[in-house]
Amino acid sequence: MKRAAAPRRALLGEIRRQVRLGARYHGRDALRPATLAAMAAVDRALFVEDVDRAAAYDDRPLRIGLGQTISQPSLVALMTDLLDLPPRARVLEIGTGSGYQAAILSRLADTVHSVEIVEALALRARQRLAVLGCDNVEVHLGDGCAGWPAAAPYHAIIVTAAASALPPSLAGQLVDDGVLLAPLADPHGQQWLRRLVRAAEGITLDQALLPVTFVPLRDARD
Ligand code: SAH
């Protein structure tokens, strides 16, 4: 564990640098201290495949098997920060993948519900999160396009796979002033991270924040 301290510290430095560099896109020069503390506390090496262990502290996405990826740490940090979680937040994640993003959220939220469509990934993530003691995360197997109505409404929803349009059932599962972050592809196929805030009278679609690359959000019929 000690041996990993230096690369983990270096990764935190890189995350802060990347966030600063992207500020002209997303408007955030610095992460909240709580976000940085969560990034520092969760060891990414526990969420990557054995063959990629040496690259766990590189600021880049990695394969997690079954054609899926764990996102770049600086993007995980930024997306977490952009959720602007209130105290005692209830959060919904679509696309559990490795469980890394859910583990970060678990340190900042009261409850995290995370939906994964691939059974093997859901099982593995559930196991990892249990070992880490993330008792406030529930991993559900299912199609996240439907959200997770049973635990709605949420203070924040984070979608970690890209679609060309927002699944229509998600926004209705937010509280008023709730934040939804999702990568959405434009007509040219370029994905943009978008941030929506639910106003009392409906949904306000904010500006596209920054170009991103996520694996596709699957349709249950795929
Ligand atoms: N947040 C993850 C990375 C997500 S990769 C992490 O921290 O590791 C995208 C994930 O979304 C993949 O695991 C993929 O299987 C899942 N996914 C794709 N379509 C989905 C859908 N309709 N519902 C739920 N999960 C979906």
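What follows is calculated from the coordinates using simple rules that are stated; it is not laboratory data. A quick note: this is a predicted structure, and the numbers were derived from the prediction, not measured. Every residue, glycine among them, receives a Cβ derived from its backbone with ideal geometry; neighbour counts consider all protein chains shown.
Here are the numbers:
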| quantity | calculated |
| --- | --- |
| Residues satisfying the stated conditions in the range 76-87, i.e. more than 8 Å from the ligand (Cβ to nearest atom) and either surrounded by 24 or more Cβ atoms within 10 Å (Cβ to Cβ) or not acidic (Asp, Glu) (or both) | Ala77, Leu78, Met79, Thr80, Leu82, Leu83, Leu85, Pro86, Pro87 |
| Counted residues, the range 143-194 - those being outside any helix (DSSP H, G or I), crowded, with 16+ Cβ neighbours inside 10 Å and within 13 Å of the ligand (Cβ to nearest atom) | 17 |
| Hits in the range 63-75 (condition: more than 16 Å from Leu217 (Cβ to Cβ) and surrounded by fewer than 20 Cβ atoms within 10 Å (Cβ to Cβ)) | Arg63, Gly65, Gln72 |
| Of all residues in the range 88-101 being more than 10 Å from the chain's Cα centre (by Cα) and within 20 Å of Arg28 (Cβ to Cβ), the one that is nearest to the ligand (Cβ to nearest atom) | Val91 |
| Hits in the range 102-137 - residues which are away from the ligand (no atom under 14 Å from the Cβ) and in a strand (DSSP E or B) | Thr111 |
